[in-house]
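Before any comments, here is the structure.
The values are calculated or read from the model by the stated rules, or taken from the named source; none is laboratory data. Everything numeric in this text was worked out from a predicted model, so none of it was measured. Quick reminder, even Gly has a Cβ in these numbers, built from the backbone with ideal geometry, and neighbours come from all protein chains shown.
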Amino acid sequence: MGFGVFIHRSDSIYDDSPAERYQFPRQYLGRVEGCTGDWIVYYEPRKVEATRGYFAIAKVERVIPDTATPGMYLALIEPGTYLDFPNPVPFSGAEGVTERGVLNSEGRISGRAQSAVRPLSSSDFNRIVGLGLREEAPFLPRIGDAPAFPGLREMETPSVLEQVRERISYVSSRIVRDRIFRRTVLRAYDERCAVTGLRLINGGGRAEVDAAHIRPVEQNGPDVVSNGLALSGTAHWMFDRGLISLSDTLEILISTRVNDQESVRSLVYKDGYARPPLRPVERPHPHFLQWHREHCFKP
């Protein structure tokens, strides 16, 4: 077992769903199998416009042949392990490349950096995850949230392996994951409710909007932005109880069980459509919206 990097593009030709599966050809089978039971970092190449760089982590549960596509395989992601970074990490910065393992003996970037699947050292994993979770500009949490993850220089554990264990323990906590999910979703939606347009900031500087899972965690919903919506308290309450939902085109659906249809219609956007994030990859995914309509929404 060992850490790895999986390259994924938002416009990928492969049948990828980063929070659930990663499709790859036979040539990478050995490398992917080497990551089974361990954590990987997702990376979007620099040649992709507005690249996210290193943008998420997940744990590989097992590898199986893709029966629908001969010669292809699927790395299945362990449910509940995928997590978007609140702060995507660039390939390089002021101190050089973030992933030191792509350098050759002369300190130059080698062809290894082009490999779609590659091993990742503990120190590189530790560095990337630390930067991805770090809060340089504090994003005020709700009362009761877990404390912010410490920065790289603030950690006093004596070894890289101990730091890695601490980071993995941290991102495995449900309280912490909820807090990180809230940060990533609210930033994607500019702290504005997707269905009402409300953007309320209280006196303490905290956004009064929730990060709602479209498919709940209890129903194997992943902590990925495309499974999230920024919703005001009332909208969140109605969404969770199936009184409102969204079509694949983001039309706001109102249940016939709502006893005051006019009041609800006056609350949501006048044209009847929710407002998604600007980045296509962060838009609510039809897969999750369909789940909500079929298992939660009351037509």
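Return yes when Ile128 is surrounded by fewer than 20 Cβ atoms within 10 Å (Cβ to Cβ), of a type in the set (Val, Ile, Thr) and not assigned by TED's automatic domain parsing to the domain that holds Val225 and no when it is not. Explain how you work it out, then say what you get.
On the way: surrounded by fewer than 20 Cβ atoms within 10 Å (Cβ to Cβ): no; of a type in the set (Val, Ile, Thr): yes; not assigned by TED's automatic domain parsing to the domain that holds Val225: yes.
For Ile128, the condition - surrounded by fewer than 20 Cβ atoms within 10 Å (Cβ to Cβ), of a type in the set (Val, Ile, Thr) and not assigned by TED's automatic domain parsing to the domain that holds Val225 - is not met.
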- Item | Members of the stretch 20-66 that are touching a strand residue (DSSP E or B) at 6+ places or on another chain (Cβ under 9 Å) and β-branched (Val, Ile, Thr) | Val32, Thr36, Ile40, Val41, Thr51, Ile57, Val60, Val63, Ile64
- Exclusive hit being surrounded by 13 or more Cβ atoms within 10 Å (Cβ to Cβ), assigned by TED's automatic domain parsing to the domain that holds Arg21 and on the phi > 0 side of the Ramachandran plot, set Gly71, Gly80: Gly80
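If you take just the strands (runs of 3 or more DSSP E) that sit entirely in the stretch 1-120, which of them hold at least 3 residues that are closer than 21 Å to Val224 by Cβ? Steps first, answer last, please.
Working: elements: 3-7, 21-25, 39-44, 53-65, 72-77, 83-89, 117-120.
Output list reads 3-7, 21-25, 39-44, 53-65, 72-77, 83-89.
Just a yes or no: is a residue in the stretch 183-194 basic (Lys, Arg), at pLDDT 90 or above and assigned to a loop (DSSP other than H, G, I, E, B)?
Looking through the stretch 183-194, at least one residue is basic (Lys, Arg), at pLDDT 90 or above and assigned to a loop (DSSP other than H, G, I, E, B).
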- Message: Consider the stretch 8-19. How many of its residues are surrounded by fewer than 18 Cβ atoms within 10 Å (Cβ to Cβ) and touching a strand residue (DSSP E or B) at 6+ places or on another chain (Cβ under 8 Å)?
- Response: 4
- Query: Counting only residues that are within 16 Å of Thr184 (Cα to Cα) and part of a strand (DSSP E or B), which one in the stretch 196-211 is modelled with the highest pLDDT?
  - Reply: Ala211
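Against the condition exposed (fewer than 14 other Cβ atoms within 10 Å of the Cβ) and in contact (Cβ under 8 Å) with a residue 24 or more places away in the chain, how does Arg187 come out, does it pass?
On the way: exposed (fewer than 14 other Cβ atoms within 10 Å of the Cβ): no; in contact (Cβ under 8 Å) with a residue 24 or more places away in the chain: yes.
No.
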- Task: Just one of (1) of a type in the set (A, V, I, L, M); (2) within 16 Å of His213 (Cα to Cα); (3) part of a loop (DSSP other than H, G, I, E, B) trips up Leu278, so point out which.
- Result: (2)
- When you scan the stretch 271-285, how many residues do you find that are loosely packed, with under 15 Cβ neighbours inside 10 Å and either of a type outside the set (Lys, Arg) or without any contact (Cβ under 8 Å) to a residue 24 or more places away in the chain (or both)? 4
- Note on the structure: Contact list, first residue from the stretch 246-263 and loosely packed, with under 14 Cβ neighbours inside 10 Å, second anywhere and modelled with pLDDT under 95 and not charged (D, E, K, R), beta-carbon distance below 7 Å, six or more apart or interchain, is Thr256/Pro299
